[in-house]
Amino acid sequence: MSSFSHLPAATASPLGTLYGIGVGPGDPELITVKALKRLQAAPVVAFPAGLKGKVGVAERIVTPWLSAEQIKLPLVFPYVLDEQTLLAAWHCTAEMVWPYLQRGDVVFACEGDVSFYGTFTYLAQCLQQQHPEAKVVAIAGVASPMAAAAALGIPLTCQAERMAVLPALYCAGLELEAALNWAEVVVLMKVGSVYPQVWKILERRQLLGQSYVIENATRPEQKIYTDLRQHPDLQLPYFSLLIVQCKARTII
């Protein structure tokens, strides 16, 4: 992890801006031109730290585009559900970023899109709570449902179809049942830990044959499972999503 000693001494220059950039789900070429320009111009590049010392997803995506002169700042975001633990971690990361912003711009690289279940949201909110003068700009990215649909070779939605996106970890039961009642397409994010429960619901509704699982979309280790009737016991990683086409689709 970089330390503040690597930074030049503080000057009277204006306060830097925290840029949140969506860097896509995994393929380094799915970063937008705007995000890439901002990324390569930033003296400091922050990103969520990987687990157990491993390289995280966002860091892996941006590394090919960085120069040796840029400071890398991994920030720890715990993968837990306890709100107090999460809040303490978010405030800690905001305080880590603040000294760098007093000397210039900082880019925070977020896998997928910054506003779509992204860690940048928590960092930006805590930073502005603690330092109201902080300037924050978000740059959109490619979200995983779009990348997954492209990998499958199917349209995510057509015509007047309604789509529901659910964080499966939090709502694999009644909320999923309700969404299946009104939506033509349902996307379940991070479905791995609740996959057995979801599979049973889809089996009961006879939707397994028109459901798909994509793990690690667009990365070298990407895997796709179709016709889930054949896959009741999948052991899925954290970055896995499930797409359900709830009704027969006719494209005119």
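Here are some notes:
- In region 22-109, chymotrypsin sites (Phe, Trp or Tyr not before Pro) in a DSSP loop with at most 16 other beta-carbon atoms within 10 Å: Tyr79
- Only lysine pairs 8 or more places apart or on separate chains count here, and in region 1-154 those with Cα atoms under 22 Å apart total 7.
- When you restrict to C-alpha pairs under 8 Å that are six or more residues apart and normalise by the size of the chain, the relative contact order lands at 21 percent.
- Annotation for region 20-108: GluC sites (Glu not before Pro) lying in DSSP loop with at most 14 further Cβ atoms inside 10 Å of their Cβ are Glu69.
- Take every Cα pair under 8 Å whose residues are at least 6 apart in sequence, average their separation, divide by the length of region 4-139, and the relative contact order is 41 percent.
- In percent, rounded to a whole number, the relative contact order of region 144-245 is 30, using alpha-carbon pairs under 8 Å and six or more apart.
- Cα gyration tensor, region 64-105 - rounded (a/c under 1.5), prolate or oblate: oblate
- Alpha carbon convex hull of region 4-139, projected area averaged over orientations, nm²: 8.2 nm²
- All Cα-Cα separations within region 123-246 were binned at 5 Å from zero, giving a P(r) of 2, 10, 20, 21, 17, 10, 7, 6, 4, 2, 0, each value a whole percent of the pairs.
- Taking a ≥ b ≥ c as the square roots of the Cα gyration tensor eigenvalues, region 195-252 comes out oblate, since a/c reaches at least 1.5 and a/b does not exceed b/c.
- Of the DSSP H helices in the chain, those that are both long (alpha-carbon extent of 20 Å or more along the helix axis) and hydrophobic (Kyte-Doolittle mean at least 0.0) are 83-101.
- Summarising the overall dimensions of the chain from its C-alpha atoms, the Rg and Dmax are 19.9, 65 angstrom.
- Two-decimal ratio, region 102-181, of alpha-carbon radius of gyration to 2.2 N^0.38 Å: 1.46
- All-pairs Cα distance distribution in region 146-185, expressed in whole percent, bin size 5 Å: 5, 22, 22, 23, 19, 8
Here, each number is a calculation from the coordinates, and none is a lab measurement. Note that the structure is a prediction, hence the values are computed from the model and not measured. A quick note on method: Cβ atoms are made from the backbone with ideal geometry, for glycine too, and the neighbour counts reach across all protein chains shown.
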